[in-house]
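Notes to accompany the following structure.
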Amino acid sequence: MTKPASRDQLASMIDHAVLSPEATIDDLIAGCELVRRLDVGCVCVRPCDVADVAARLSDTSVAVGTVVGFPHGSAVTAVKAAEARQAIADGADELDMVLNIGALRSGRIDYVRDDIAAVVAVAGGKIVKVILECCYLDRDQKMAACEAAVEAGASFVKTSTGTAPGGATVEDVALLRSQVPDNVGVKAAGGIRTLADALAMIEAGATRIGASATESILAEL
């Protein structure tokens, strides 16, 4: 993966996260002002915040993303599909869904694939990123998750929620990149706080970076 040539190019690759459960309306407004000012590619917010954020950013090119089945991936498929449907109705452009981690670790690959496919179907062509939560998986499970996500029609595979004990690693990004075709992106998220972190992930094959330290990362560049 070629390193971004400019601050603007890197900004376009960042999904700025405002997902903390304790985030207030003031935090949300500050996040909207930040992504507007820095022209970030996407802002990822809690489902309850989508309609508000979509309205605040309607005159910008910033995509509005939200999460589905977050952070544990253990909701039943019908609930995940309902979450996705509501998010899109509220104005979401992108969905970051957590796959069913326990099902994956149990070898229930068909369930995992069908769970993802249900959200992809509801998304109606909008971007769906599948969060693997790599710190809980071994190499074979990560590879199986990538295969299931691709078969289900996902747009991206993603390393982490940022809430688990481990976040993105260069090794995981490289593995995910090797397991999905060129038309499927790789999002690195979880613990990316510096420009060096972001560039290392991009060098390993990440096409999106999930971060909350967006302003300081871009200021370094």
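The values are calculated or read from the model by the stated rules, or taken from the named source; none is laboratory data. Small disclaimer: the values here were computed from a predicted structure and weren't measured. Don't worry about glycine lacking a Cβ; one is built from the backbone with ideal geometry, like all the others, and counts go over all protein chains shown.
Key figures for this structure:
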| item | result |
| --- | --- |
| Pick from the stretch 15-29, criterion assigned to a loop (DSSP other than H, G, I, E, B) and either of a type in the set (S, T, N, Q) or in contact with a Gly (Cβ under 6 Å, 6 or more places away or on another chain) (or both), ranking: surrounded by the fewest Cβ atoms within 10 Å (Cβ to Cβ) | T24 |
| Which listed residue, of A148, A118, A144, A123, is of a type outside the set (D, E, K, R), under 15 Å from V67 (Cβ atoms) and in contact (Cβ under 8 Å) with a residue 12 or more places away in the chain | A123 |
| Positions within the stretch 117-166 being surrounded by fewer than 18 Cβ atoms within 10 Å (Cβ to Cβ) and of a type in the set (F, W, Y), in sequence order | Y136 |
| Residue within the stretch 2-10 that is at pLDDT 95 or above and either in contact with a Gly (Cβ under 8 Å, 6 or more places away or on another chain) or crowded, with 16+ Cβ neighbours inside 10 Å (or both) present | yes |
| Filter result for A148 (modelled with pLDDT of 95 or more and touching a His at 6+ places or on another chain (Cβ under 8 Å)) | no |
| Hits in the stretch 85-106 (condition: free of Cβ contacts under 8 Å to residues at least 40 places away in the same chain and either within 17 Å of A55 (Cβ to Cβ) or of a type in the set (A, V, I, L, M) (or both)) | Q86, I88, A89, L95, M97, I101, A103 |
| Qualifying residue in the stretch 174-190 (condition: free of Cβ contacts under 8 Å to residues at least 60 places away in the same chain and within 26 Å of E33 (Cβ to Cβ)) | yes |
| Residues that are within 13 Å of the chain's Cα centre (by Cα) and not β-branched (V, I, T), drawn from the stretch 186-202 | K187, A188, A189, G190 |
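Residues are listed down the side, and each one gets a yes or a no for (1) farther than 21 Å from G167 by Cβ; (2) under 18 Å from the mean Cα position of the chain (by Cα):
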| position | (1), (2) |
| --- | --- |
| F70 | no, yes |
| V79 | yes, no |
| E83 | yes, yes |
| G91 | yes, yes |
| L95 | no, yes |
| L99 | no, yes |
| D115 | yes, yes |
| V120 | yes, yes |
| V130 | no, yes |
